[in-house]
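The numbers here are math on the coordinates, done by the rules we state, and not lab data. The structure displayed is predicted, hence computed values, not measured ones. Glycine also receives a Cβ, built like all others from the backbone with ideal geometry; neighbour counts cover every protein chain displayed.
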Amino acid sequence: MVETTEGETAGVPGPTAGAGQTAAERGRWAPGDHILWRYRDNADPRRFHICRPMTVVQDTEELLAVWMAPGTPCIKPVLADGTPVHREPLATRYTKPRRTLRDQWFGSGVLKLARPEDPWSVWLFWESGWHFKNWYVNLEEPRRRWSGGIDSLDHFLDICVYPDRRWEWRDEDEFAQARRDGLMTDAQVSEVRAAGRAAVAQIAAWGGPFADSWEDWRPDPAWEVPALPEDWERLPDHLLP
């Protein structure tokens, strides 16, 4: 999982599509809508420990695309004393008490792409000046849609994919530590490994979304940075299909 310390788009309808209806009534979000992208706490799935307000780029039966702008207010986990999680030695990273902290997403924005049943999402990163850097395959539980956004559970293991089509596993050490600390069962580890192999097969085939030119996409400059609602950790009130 990547740490936070890091108007109208071409071919996409304007943000007024579906005006006068809620997301639940439409069943799909319109470009420009604001939703929450949340992850449950691996140690206590009843709680959320990551929350990122996002702007919808596209929402179809095949793909949800959302944009996290630079400076987006968000929620991230830290240790109880405020130490960033990634600074804690791996041996105690998942066993020390934690709390959540309001922060901001720094650096370039992130475009997230998710197909409904895939146990992963694909994130696009750029460097300054919109120089494309890489895709990031975040292995995770298939997302549950509700009226305010989507919820998932991170599976620790990730894949980095570069413009020359090279790829490499990321965070294998964290994946192994999470297993040792009991945050994943042996069955779950096997499922995540299988999901990773399926993702690698898609990378090797170089189909969507890698071949879909999303790296050339740009956000509508009129879009405002979404706010982080006070009730960001509320339970889903209405699940969407």
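Annotations
- Cubic angstrom per residue, convex hull over Cα atoms of region 62-143: 125 Å³
- Test item: Cα-centred dipole of the chain, Lys/Arg +1 and Asp/Glu -1 on Cβ, debye: 400 debye
- Rounded to the nearest whole angstrom, the semi-axes of the ellipsoid equivalent to region 85-128, taken from the Cα gyration tensor as √(5λ), stand at 26, 18, 11, largest first.
- Prolate/oblate/rounded call for region 187-241, Cα gyration tensor, a/c under 1.5 rounded: oblate
- Entry note: the chain has Rg to Rh equal to 0.94, where both radii use alpha-carbon atoms and Rh is the Kirkwood radius.
- Cut-off 12 Å (backbone N to label point 7 Å along Cα→Cβ of Ala194), residues of region 164-183: none
- Estimated distance in nm for a label pair at Thr185 and Ser128, the labels positioned 7 Å out from Cα along Cα-to-Cβ: 4.9 nm
- For region 96-234: rounded, prolate or oblate by the Cα gyration tensor [a/c cutoff 1.5]: oblate
- The charge dipole of region 103-241, taken about the Cα centre with unit charges on the Cβ atoms of Lys, Arg (+1) and Asp, Glu (-1), comes to about 480 debye, rounded to the nearest 20.
- Farthest toward the positive end of the dipole of region 120-178, out of Trp123, Ile159, Phe175, is the Cα of Trp123, where the dipole comes from beta carbon charges about the Cα centre.
- Radius ratio Rg over Rh of region 151-204, counting only Cα atoms, Kirkwood formula for Rh: 1.01
- Partners of Lys133 within straight-line reach, counting lysines whose Cα lies under 16 Å from its Cα and excluding those fewer than 8 residues away in the same chain: Lys112.
- Simple Cβ-charge dipole of region 44-184, Lys/Arg +1 and Asp/Glu -1, about Cα centre, in debye nearest 20: 480 debye
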